[in-house]
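Each value in this text was obtained by applying a stated rule to the coordinates, not by laboratory testing. Keep in mind the model is a prediction, meaning the values are calculated, not measured. Using ideal geometry, Cβ is built from the backbone for each residue, glycine included, and neighbour counts are taken over all protein chains shown.
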Amino acid sequence: MNEPTMSARLGVASWIILIVLVSLLLATCVVAYLGWRLADGVDVPISGYIATAVGVIVSLAVGFGLMALVFYSSRKGYDEAPVLVVPENDPKEHGSPSNKLD
């Protein structure tokens with residue numbers, strides 16, 4: 001079989017998006033390196049470490065909670081398309097002659 005290569009599968013728009021994302025990644029790495037180098041010798045107080053730890057714990061708790069809700073709603077069927085459920089003994093919905101006015 002002739003499998004298309006990666007370059008044959010990606011169009012011009014995909015290549016532009018890929019180039020922009022890689023450029024943003026490189027720019028982020030440069031800024032992070034410069035920030036790391038400029039912060040040499042700066043002492044962080046204990047309150048900074050506490051704030052960082054609390055932020056990490058809260059972020060993880062929110063992430064775990066949201067993932068639990070995603071799995072719960074998926075397992076319980078809340079993600080399914082809505083369906084109208086009509087009771088079998090409801091004469092108004094079935095149009096039976098017994099509910100017509102004389």
So, with points 7 Å from each Cα along the Cβ direction, the I16-A39 label distance in nm works out to 3.6
Placing each pseudo-label 7 Å from Cα in the direction of the beta carbon, S23 and R75 end up separated by a distance in nanometres of 4.6
